Amino acid sequence: MLRFKVLLSIIIATIFVFSANGQVNVYSNAINFRQNNANDMQQTTYHYGQLNINSSTYYGLMVSNTGPYGCALYGQSSSGQGSIGVYGISYGSGSSNTNTGGEFYAYGGASNYGIYSYAPNQTGSYAGYFSGNVTVTGTFLNPSDQKFKTNIQPLTNCLVEVMGLKPKTFNYDTVTYSGMGFSGKKFFGLIAQDVATVMPSVVVDNIANQVVFDKGTGKPVNNNQIPCKGISYLELIPVLVGAIQEQQSEINALKAKLGN
């Protein structure tokens, strides 16, 4: 009886249109594929089933929404154990292949966001986390309008702080941390623990994710979270500017003294 009710609700709520090329079009105001673990259809706890789609056409699944403030595809996961709302993976071999895990476009509005993400401002939370190189053809913008800021004070003693920094060359440990997307090339930079002794405010507690890959399929199967420290390099820019200005003031004072 339960299976009949579930089947009937799907038939009533949904119209399936099958086409010759293997695609399935679903027209529905509401559809839930689910299996109830009790006899009562009104139970609030369900074990949801799976919808598996295997297609050789351009789209495995195509979803469209034309309603105001509508969402064409919505994913939610609340298990609390590595939950992922929407997961995408693309893989394949061949020198001419370009694999994209997710591709997003936005256009036609007064404001358009290809991707809009949010995470609370706390340790281990990121609106975006990328393991590997990032290419940007535009620019990075930080809100810097005066109206967003309070307690504005001049920055002093910049030259002293810059002189306390210890520039280094280094290589990332790509063996121990092989799943973090580190490059094996030589880098120029600073060590967070060194910077913390001079400018602790630009050093942040961080949590990095090391992806573990299945040796057979090459697919990611787990994330290891590693506590570490990071540096907010952008915050060093005004300190460097202030240091140059202070140094130039000293040079000008020496020129004036020699001139006399």
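The values are calculated or read from the model by the stated rules, or taken from the named source; none is laboratory data. Everything numeric here is computed off the predicted structure, so don't read it as measured data. FYI the Cβ positions are ideal-geometry reconstructions off the backbone, even for glycines, and counts take in every protein chain you see.
Within the group 147, 185, which residue is part of a loop (DSSP other than H, G, I, E, B) and charged (D, E, K, R)? So that I can check it myself, show each step before the final result.
Details: 147 fails: part of a loop (DSSP other than H, G, I, E, B).
Sole residue among the options that is part of a loop (DSSP other than H, G, I, E, B) and charged (D, E, K, R): 185.
Being out of contact with any strand residue (DSSP E or B) (no Cβ under 6 Å at 6 or more places or on another chain) and under 24 Å from residue 126 (Cα atoms) is a description that does not apply to residue 167.
If I ask for residues that are at pLDDT 90 or above and either touching a Phe, Trp or Tyr at 6+ places or on another chain (Cβ under 7 Å) or in a helix (DSSP H, G or I) (or both), which ones from region 190-217 would you list?
To start, the set of residues in region 190-217 that are at pLDDT 90 or above comprises 190-205.
Those that are at pLDDT 90 or above and either touching a Phe, Trp or Tyr at 6+ places or on another chain (Cβ under 7 Å) or in a helix (DSSP H, G or I) (or both): 192, 193, 194, 195, 196, 200, 201, 202.
The condition (being within 28 Å of residue 124 (Cβ to Cβ), touching a Leu at 6+ places or on another chain (Cβ under 8 Å) and either without any contact (Cβ under 8 Å) to a residue 12 or more places away in the chain or not aromatic (Phe, Trp, Tyr) (or both)) is satisfied by just one residue among 162, 239: 239. Taken over region 153-182, the criterion of being acidic (Asp, Glu) and assigned to a helix (DSSP H, G or I) is satisfied by 161 alone.
Scan region 132-155 and tell me whether some residue there is in contact (Cβ under 8 Å) with a residue 40 or more places away in the chain, farther than 28 Å from residue 197 by Cβ and within 19 Å of the chain's Cα centre (by Cα). Looking for residues that are in contact (Cβ under 8 Å) with a residue 40 or more places away in the chain, farther than 28 Å from residue 197 by Cβ and within 19 Å of the chain's Cα centre (by Cα), one finds at least one in region 132-155, hence yes.
Pull up region 163-187, narrow it to residues that are among the hydrophobic types (A, V, I, L, M, F, W, C) and under 15 Å from residue 209 (Cβ atoms), then point me to the one that is nearest to the chain's Cα centre (by Cα).
Our first condition is that a residue be among the hydrophobic types (A, V, I, L, M, F, W, C); within region 163-187, this holds for 163, 165, 170, 175, 180, 182, 187.
After this cut, where a residue has to be under 15 Å from residue 209 (Cβ atoms) as well, the list is 180, 182.
Details: 180: 14, 182: 17 Å.
By that ranking, first place goes to 180.
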